[in-house]
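K.L.:
Just dropping this structure here.
Each value in this text was obtained by applying a stated rule to the coordinates, not by laboratory testing. Fair warning: this is a prediction, and the values are worked out from it, not measured in the lab. Here the Cβ positions follow ideal geometry from the backbone for every residue, glycine too, while neighbour counts run over all protein chains shown.
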Amino acid sequence: MAVVGIVPAAGNGERLGASEPKAFALCAGRPLLDWSVDVLAGVCQRVVVAVPAGREHGPDRVRGGPSRSASVRAALLVAPEASTVVIHDAARPLLSRDLVERCLAAVYEGWDGAVAAARMTDTVKQADRDGRVLRTLERSSLWSIQTPQVFRAEVLRRALDVDEGRLAAATDDASLVEDLGGAVRVIEAPPDNLKVTRAVDLELAGSLLMAAR
Ligand code: CTP
Ligand code: MG
């Protein structure tokens, strides 16, 4: 019975445009990846990181796959002891221990999965290919989904046992669990659990991390 952390960190970071993969770009003086690994290490028995090819140095670093979910699957394969899995993107360095613990608590209560999420603050419209608005969606039931995402390991293993095309189409791991009929719930995240996608995000995350220390 082990809680295993998985950090997908194998992306190229094309939108960031740094000289190295995003997870290795410096944020408040350390590789972006290290912030998330530190928090997970305080909650998990083991943390496995999926990294780009050629960076598999050290224990618990595995080569990632061609898509984010393929990277998660590669990491999970080396952790057969996992009974509960905490997945958290290297791209979200402001992870709080409290958020991980609230997601874990939901899975211990019996949910198959629990995912960090933010309420939509913008109005959300659906438009066709030409940009013509079709409808305005009812915002009160919409959530923007983040990581951490916590799962019962047995359910996650089954969910990831699909072909590469389905893995590549999945924008998060919970959607694969939902496809199996798994029960997933949202857990409201603090407003600073931001994702580093572009250079401006890296600057903002760095400032927030420096201010918090
Ligand atoms: N990721 C991964 N394996 C992949 C693709 C992405 O482990 N084949 C990881 C990234 O390292 C990141 C997380 O999934 O921590 C979320 O992906 P994203 O923010 O899209 O990062 P990148 O794919 O690196 O960025 P970009 O899409 O701009 O290239
Ligand atoms: Mg990407």
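K.L.:
Testing the spin-label approximation: label points 7 Å from Cα along Cα→Cβ at GLU14 and ARG213. State their distance in nm.
P.N.:
A separation of 3.2 nm, rounded to one decimal place.
K.L.:
Right, another one. Report the FRET efficiency, 1/(1 + (r/R0)^6), for ARG129 and ALA199, where r is their Cβ-Cβ distance and R0 is 35 Å, rounded to 0.05.
P.N.:
Numbers: r = 30 Å, r/R0 = 0.85.
Efficiency for this residue pair is about 0.70.
K.L.:
Now a separate question. Top mean-square fluctuation among GLU109, GLU14, GLU81, Gaussian network model of the chain, C-alpha springs under 10 Å?
P.N.:
Greatest mean-square fluctuation among the candidates belongs to GLU109.
K.L.:
Which FRET efficiency value, to the nearest 0.05, do you get for GLU138 and ALA105 by plugging their Cβ-Cβ distance into 1/(1 + (r/R0)^6) with R0 = 22 Å?
P.N.:
On the way: r = 29 Å, r/R0 = 1.31.
Plugging the Cβ-Cβ distance into 1/(1 + (r/R0)^6) gives 0.15.
K.L.:
Run through all the Cα pairs of segment 139-181 and give the fraction in each 10 Å bin from 0, expressed as whole percent.
P.N.:
24, 53, 20, 3
K.L.:
So which trypsin sites (Lys or Arg not before Pro) in segment 1-90 pass both tests, a DSSP loop state and at most 15 other Cβ atoms within 10 Å of the Cβ? Numbers along the way, then the final one.
P.N.:
Working: sites: ARG15, LYS22, ARG46, ARG55, ARG61, ARG63, ARG68, ARG73; in loops: ARG15, ARG55.
Passing sites in segment 1-90 are ARG15.
K.L.:
Could you please report the charge total around GLU178, scoring K, R as +1 and D, E as -1 over all other residues with beta-carbon less than 12 angstrom from its beta-carbon? Mind showing how you got there, number by number?
P.N.:
Numbers: positive: ARG185; negative: ASP112, ASP172, ASP173, ASP179.
Net local charge, GLU178 excluded: -3.
K.L.:
Same structure, new question: For segment 173-213, what does the equivalent ellipsoid look like in terms of its semi-axes, each the square root of 5 times an eigenvalue of the Cα gyration tensor, given largest first in whole Å?
P.N.:
Working: eigenvalues 195, 34, 7 Å².
Here the semi-axes work out to 31, 13, 6 Å.
K.L.:
List, in order, the whole-Hz ³J(HN,Hα) value for each residue of segment 47-54 obtained from phi through the Karplus relation with A = 6.51, B = -1.76, C = 1.60 and θ = phi - 60°; use x for Gly and Pro.
P.N.:
10, 9, 10, 8, 10, x, 3, x
K.L.:
For segment 145-175 and segment 194-213, what is the centre-to-centre distance using only Cα atoms, to the nearest Å?
P.N.:
Taking the Cα centre of each part, segment 145-175 and segment 194-213 sit 27 Å apart.
K.L.:
Over the C-alpha atoms of segment 2-212, what are the Rg and the largest Cα-to-Cα span, Dmax, in Å?
P.N.:
Looking at segment 2-212, its Cα Rg and Dmax stand at 17.0, 52 Å.
K.L.:
How big is the dipole moment of segment 2-212 about its Cα centre under a simple scheme where the beta carbon of each Lys and Arg is +1, that of each Asp and Glu is -1, and everything else is neutral? Debye, nearest 20, please. List each step's numbers first, then the result.
P.N.:
Numbers: 25 positive and 28 negative charges, 55 e Å.
Computed charge dipole of segment 2-212: roughly 260 debye.
K.L.:
So who's got an amide H within less than 5 Å of the one on ILE6, skipping anything under 5 residues away but keeping other chains? H placed 1.01 Å off N, in plane.
P.N.:
Correct list: VAL48, VAL86, ILE87, HIS88.
K.L.:
Next question. Gap in Å between the Cα centre of segment 122-142 and the Cα centre of segment 58-73?
P.N.:
Segment 58-73 and segment 122-142 have Cα centres separated by 35 Å.
K.L.:
Now a separate question. Using the Cα centre of the chain as origin and beta-carbon charges of +1 (Lys, Arg) and -1 (Asp, Glu), tell me which of PRO190, ALA75, CYS27 is placed farthest towards the positive end of the dipole.
P.N.:
Result: CYS27, furthest along the dipole toward the positive end.
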